[in-house]
1. Which of (1) modelled with pLDDT of 90 or more; (2) over 17 Å from Ile191 (Cα atoms) is the odd one out, the single condition Ile71 does not satisfy?
2. Taking region 178-214, which residues are assigned to a helix (DSSP H, G or I) and under 25 Å from Thr384 (Cα atoms)?
3. Take the residues in region 357-408 that are aromatic (Phe, Trp, Tyr) and touching a Ser or Thr at 6+ places or on another chain (Cβ under 7 Å), then tell me which one is farthest from Ile243 (Cα to Cα).
4. Of all the residues that make up region 76-90, how many are in contact with a helix residue (DSSP H, G or I) (Cβ under 9 Å, 6 or more places away or on another chain) and more than 15 Å from Phe184 (Cα to Cα)?
5. Before we move on, is Leu248 in contact (Cβ under 8 Å) with a residue 60 or more places away in the chain, out of contact with any strand residue (DSSP E or B) (no Cβ under 8 Å at 6 or more places or on another chain), under 30 Å from Thr384 (Cα atoms) and in a helix (DSSP H, G or I)?
6. Quick one: what pairs do we get from region 144-159, first residue assigned by TED's automatic domain parsing to the domain that holds Val172, second of a type outside the set (Gly, Ala, Ser) and in a loop (DSSP other than H, G, I, E, B), C-beta under 6 Å, 6+ apart or different chains?
7. Within the set of pairs 6 or more residues apart or between chains, which connect a residue that is part of a strand (DSSP E or B) inside region 215-233 to a residue that is surrounded by fewer than 21 Cβ atoms within 10 Å (Cβ to Cβ) and among the β-branched types (Val, Ile, Thr) with Cβ atoms less than 7 Å apart?
Amino acid sequence: MQLGTRKILDKAFSGLGVFSILLMTGALLAILAPIFMRGSTAFVFKGTVEYRRLTLERFQRGNVEEIEGQIARAAAARKPVYDLIAAFDAELDTMPRKDRTPFKKPFIEVKKVLKELLGPDPSGPTPVLIRQQYGETRWLGVEDKLHELLYKSEWDYSNPDAMGVKVFIPRVEDFEGTALEPLFTYVPDHIDQIMLPQWTFYWQFLTDTSMDAHFFGGIWPEVLGTLYLTLGAMIFAVPMGVIAAIYLCEYAREGITIRMIRTCISTLAGVPSIVFGLFGLAFFINTVHVSSSKSVLAGSLTLALLILPTIIRASEEAIRAVPHTYKEAALSLGSGRWHTVMTVILPAALPGILTGIVISMGRAAGETAPIIFTAAVSMGKPLTLLQTFSQPTPALPWNIYNLCTEHEAVEQIRHVQYGMVLTLVGLVLLLNVAAIVLRARIARKLRG
């Protein structure tokens, strides 16, 4: 090959490599940026006086005198709203029935939106559900409810050649000339006094338990459950994987049986995770009966089987990468095979083994399918260590999927979903960083 052609190819491959790195960086930013931006709203947001009242009453946090003063100020700002509602109710009673009918449905919609925005009428009965006992706790929700109060949505099908277009019509048009008309001016003009928004840092999102199906509270049961499942899987998988790799590399004689075992290990590494979940249900729960139903123990054993092939193959490669002269030197000094493996080969291969463990740990923390059948539930309390042997647990991967697809109020708790995703990504990164630091320290000690 001519020198000029070689230089051109070198530059082409270098450019391709730089392009690949930039493409990967762009893909990561495109994926992670929305997660960090929207996930941060679970921790930092504008909280209303309703949020501070809920925090005081349900979690006993905050300055009692200050919050009660804010509640009183908000109540004073809301009084004209309730007065206008009462005045329109009285006006309806004086109208003939035929004149009253057009206002019935729009008035019900207005009262419904106001109830969701401000909470129930203080003079009325207390609702049973917690979500109905308070108004909007977040400013973003206030903006949505305010728009819903001021405008009603309809679909315009006037163009036969196009699909329907959603249009917004001012609600005030339905109440022109009535006692309720000033409401649609008063509320937007005084919304700050009515809701008293303040920037809030809610770090307890990680340590509080959820309330009312994740409408309020935090995700501590899900975080703890994920840690239990991940660490439990590593406890079972790491010793078995490393021992299996040592046997295959140092003790097993090459033959058709060992080749078949290696083929099976490689095949298991590519089996869909849902298959491991079904196997865990059939074997660990229905056959071996490690627990009477779903449990953290059954889920950890299933996840251990899922990541076992990765640990075995990574450990094998790390052991094979140890220079053969290390083994020869140890044996020539009279060391036995097991002593050589434990004191020479395994310490030298440990950084590579930890790499496989790091990869496996991240996969175990993020898997959903294996724990659906063996360990995960939608709601639950934080488990003690002893309860993990017999009780199921909420877990971040499963609850993220569950909240996004099956929750009755998906849009209202969108911040919880993204907060869970951000927490899971952060948890995996934290576990990986801890393992990488440990691997670096071990490698430094080996280099002397």
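The values are calculated or read from the model by the stated rules, or taken from the named source; none is laboratory data. Here the structure is a predicted model, which is why all the values come from computation and not from measurement. Note that each Cβ is placed from the backbone with ideal geometry, even for glycine, and that neighbours are counted across all protein chains shown.
1. Exception for Ile71: condition (2).
2. Kept after step one, since they are assigned to a helix (DSSP H, G or I), are these residues of region 178-214: 183-189, 191-195, 203-206.
The answer is Trp203, Gln204, Phe205, Leu206.
3. Our first condition is that a residue be aromatic (Phe, Trp, Tyr); within region 357-408, this holds for 373, 389, 398, 401.
Cutting the leftovers down to touching a Ser or Thr at 6+ places or on another chain (Cβ under 7 Å) gives us 389, 398, 401.
Values: Phe389: 25, Trp398: 31, Tyr401: 35 Å.
Applying the filter and picking the extreme gives Tyr401.
4. Number of matching residues: 2.
5. Numbers: in contact (Cβ under 8 Å) with a residue 60 or more places away in the chain: yes; out of contact with any strand residue (DSSP E or B) (no Cβ under 8 Å at 6 or more places or on another chain): yes; under 30 Å from Thr384 (Cα atoms): no; in a helix (DSSP H, G or I): yes.
No: the conditions fail for Leu248.
6. Lys145/Glu136
7. Within 7 Å, the pairs are Phe216/Ile130; Gly217/Thr209.
One line per residue, one yes/no per condition, for (1) farther than 30 Å from Arg73 by Cβ; (2) basic (Lys, Arg); (3) in contact with an Asp or Glu (Cβ under 9 Å, 6 or more places away or on another chain); (4) outside the structural domain of Leu149 (by TED's automatic domain parsing):
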position: Lys166; (1), (2), (3), (4): yes, yes, yes, no
position: Phe175; (1), (2), (3), (4): no, no, yes, no
position: Ala179; (1), (2), (3), (4): no, no, yes, no
position: Tyr186; (1), (2), (3), (4): no, no, no, no
position: His190; (1), (2), (3), (4): no, no, no, no
position: Gln193; (1), (2), (3), (4): no, no, no, no
position: Thr209; (1), (2), (3), (4): yes, no, no, yes
position: Thr230; (1), (2), (3), (4): yes, no, no, yes
